[in-house]
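Notes for the one structure printed next.
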C-alpha cells in the first residue's frame, strides 16, 4: 500500500487500485496542482478546495455521500458528520469515508468540525489510519482533533488541512496538534510512504507528510 499526500486534504491511496480523496486544483488555494489518476474519487463535501474532480485522470467512479460501496477490492463506507459545531447550520454536512484496502482500515473525515460522539465512533469501527484536519477556523483545531484521536484510537494519525507555505486559506499550523504527542511518536514521512499492515505501530503514532 502506498499513501501519497497532495496537500490540504487530498490524498491518494494505491495498490492494485487507486483511490483519491478530496482533490483540489492547486491554483485556487495557492498550492501546486496535483497529478492525479484514479479508479475511485471520494468527495467529502462540495466546497471548491475539496471537489475538483476535473483534475483527476482515468476512468473512475465518483462517490459523494453516505452509504456502503464496493469498487473492485476496495470496501467503502460513508458516514455523515458536520462541518461545524452547530449540526451543519453554519457550513453544512460532510461525509467521512472509511475504506479498507489490503486489509488496512483508513478513515478520512473531510472537513470535520466537531468532536464525534461515542455512538458514531462505535458505528465506524476499527481504524488503522486516521486522516484528520487540525487547522481550525473551518474545521476542528489541534486540541479538538486530539479529542477525536483519543476516541477513535487509530494506530496512525495523519494531520491535514493546516497552514502551508503559499496556501491562500488562513489556517493554524500543525504544531498545536503535534504538541499532544511525545517526540518519539511523531514521524516525518515525506511526500509518500509505502507500507504493509504488519508495518503499522501498536501505539498511536503521527505521520507528518510534506510536499
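Some points to look at:
- Between the beta carbons of residue 199 and residue 151, assuming R0 = 22 Å, the FRET efficiency works out to 0.35 to the nearest 0.05.
- Measuring between their Cα centroids, the stretch 71-110 and the stretch 1-62 lie 15 Å from each other.
- Gain in span if fully extended, residue 119 to residue 37, counting 0.36 nm per residue against the direct Cα distance: 26.0 nm
- Theoretical gain in end-to-end length, residue 53 to residue 192 [0.36 nm per residue, Cα-Cα removed]: 47.9 nm
- Overall form of the stretch 15-130 per C-alpha gyration tensor (a/c, 1.5; a/b vs b/c): oblate
- If R0 equals 22 Å, the separation of the Cβ atoms of residue 15 and residue 68 corresponds to a calculated FRET efficiency of about 0.60.
- Read-out Cα extents along the principal axes in Å, derived from the coordinates shown; its label in (1) 41, 38, 34; (2) 50, 40, 32; (3) 53, 53, 31: (1)
- Cα centroid separation, the stretch 123-153 to the stretch 165-211: 13 Å.
- Among 154, 173, 23: highest mean-square fluctuation, GNM of the chain, C-alpha pairs under 10 Å: 173
- Here the mean projected area of the convex hull built on the C-alpha positions of the stretch 97-148 is 3.4 nm².
Values quoted throughout were computed directly from the atomic coordinates according to the rules given, and no laboratory measurement underlies them. The structure displayed is predicted, hence computed values, not measured ones. In this analysis, Cβ positions are derived from the backbone assuming ideal geometry, glycine residues included, and neighbour counts consider all displayed protein chains.
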